[in-house]
1. I need the full set of residues from the stretch 93-119 which are more than 23 Å from residue 137 (Cα to Cα) and of a type in the set (D, E, K, R), in order please.
2. Look at residue 93 and say whether it is outside the structural domain of residue 161 (by TED's automatic domain parsing) and not hydroxyl-bearing (Ser, Thr, Tyr).
3. Regarding residue 79, is this residue among the hydrophobic types (A, V, I, L, M, F, W, C) and outside the structural domain of residue 122 (by TED's automatic domain parsing)?
4. Restricting attention to the stretch 1-43, and to residues there that are charged (D, E, K, R) and touching a strand residue (DSSP E or B) at 6+ places or on another chain (Cβ under 8 Å), which single residue is surrounded by the most Cβ atoms within 10 Å (Cβ to Cβ)?
5. Assuming residue 66 fulfils every condition listed in (1) within 27 Å of residue 157 (Cα to Cα); (2) under 16 Å from the mean Cα position of the chain (by Cα); (3) surrounded by fewer than 14 Cβ atoms within 10 Å (Cβ to Cβ) apart from one, which condition is it?
6. Please verify whether residue 152 is among the hydrophobic types (A, V, I, L, M, F, W, C) and surrounded by 15 or more Cβ atoms within 10 Å (Cβ to Cβ), treating the condition exactly as stated.
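The values are calculated or read from the model by the stated rules, or taken from the named source; none is laboratory data. Because the structure is predicted, anything quoted here is derived from the model rather than measured. No Cβ is skipped: glycine too gets one built from the backbone with ideal geometry, and neighbour counts run over all protein chains shown.
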Amino acid sequence: MIFKEIQKFQQLWIWIVLILAGSIAIGTFGYIFYEQIINGQSFGNNQMSDTSFIVTFILLLILFLLLFLIIGNAKLITLIDKRGIEYRFIPFQFKTHMIDWGSIESFEVISYHPIREYGGWGIRFGKGGKRAYNVSGNKGLQLYLKNGKQILIGTQKDIELKEFLTKLK
């Protein structure tokens with residue numbers, strides 16, 4: 001018996017912000033590139049050298065490409081079975097983390113306030129050493145570990161997760 005969930009960043013607002021920011025930055029640099037490099041017109045009072053400008057423009061393009069690739073490929077993988085709870089937030093964690101049932105004091109599937117309690121989504125840190133791994137929404141598996149740490153793993157399948165955990169006991 002295994003519970004498996006793979007979550008990705010699919011919120012429209014994230015993509016709108018990335019596309020807007022990228023369009024404004026690349027559009028502005030593109031215009032300046034055209035004026036300075038193609039037309040040979042100096043732009044501004046303290047102009048960059050052509051070489052510096054070209055390198056900066058290429059780095060900007062690479063930065064936004066990397067941001068799109070990272071956000072587009074990021075995923076939170078959660079696996080729960082009789083051994084314990086495994087989770088990994090790709091590409092931010094290089095290895096899977098395992099929490100065996102023996103190190104868990106208690107757990108519950110909860111509703112929470114991601115922005116108020118953790119400052120948003122992703123790998124987040126809250127007050128008192130609490131940690132959250134979440135992609136979207138406001139449901140999660142709250143773990144209270146025997147060492148005093150608290151870890152929250154976000155879920156989009158809270159009802160299914162509750163049923164699974166009830167059967168697993």
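1. Residues satisfying the conditions are 95, 100, 105.
2. On the way: outside the structural domain of residue 161 (by TED's automatic domain parsing): no; not hydroxyl-bearing (Ser, Thr, Tyr): yes.
In short, no.
3. Details: among the hydrophobic types (A, V, I, L, M, F, W, C): yes; outside the structural domain of residue 122 (by TED's automatic domain parsing): no.
No.
4. Quick first cut of the stretch 1-43, residues charged (D, E, K, R) only: 4-5, 8, 35.
Cutting the leftovers down to touching a strand residue (DSSP E or B) at 6+ places or on another chain (Cβ under 8 Å) gives us 4-5, 8.
Details: 4: 12, 5: 19, 8: 14.
That would be 5.
5. (1)
6. Values: among the hydrophobic types (A, V, I, L, M, F, W, C): yes; surrounded by 15 or more Cβ atoms within 10 Å (Cβ to Cβ): yes.
When the stated conditions are applied, residue 152 passes them.
One line per residue, one yes/no per condition, for (1) among the charged types (D, E, K, R); (2) in a strand (DSSP E or B); (3) under 22 Å from residue 11 (Cα atoms); (4) outside the structural domain of residue 161 (by TED's automatic domain parsing):
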site: 64; (1), (2), (3), (4): no, no, yes, yes
site: 89; (1), (2), (3), (4): no, yes, yes, no
site: 98; (1), (2), (3), (4): no, yes, no, no
site: 102; (1), (2), (3), (4): no, no, no, no
site: 106; (1), (2), (3), (4): no, yes, no, no
site: 117; (1), (2), (3), (4): yes, no, yes, no
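Let's see how each residue does on (1) free of Cβ contacts under 8 Å to residues at least 40 places away in the same chain; (2) exposed (fewer than 11 other Cβ atoms within 10 Å of the Cβ):
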residue	(1), (2)
54	yes, no
80	no, no
85	no, no
88	yes, no
92	yes, no
98	yes, no
101	yes, no
113	yes, yes
125	yes, no
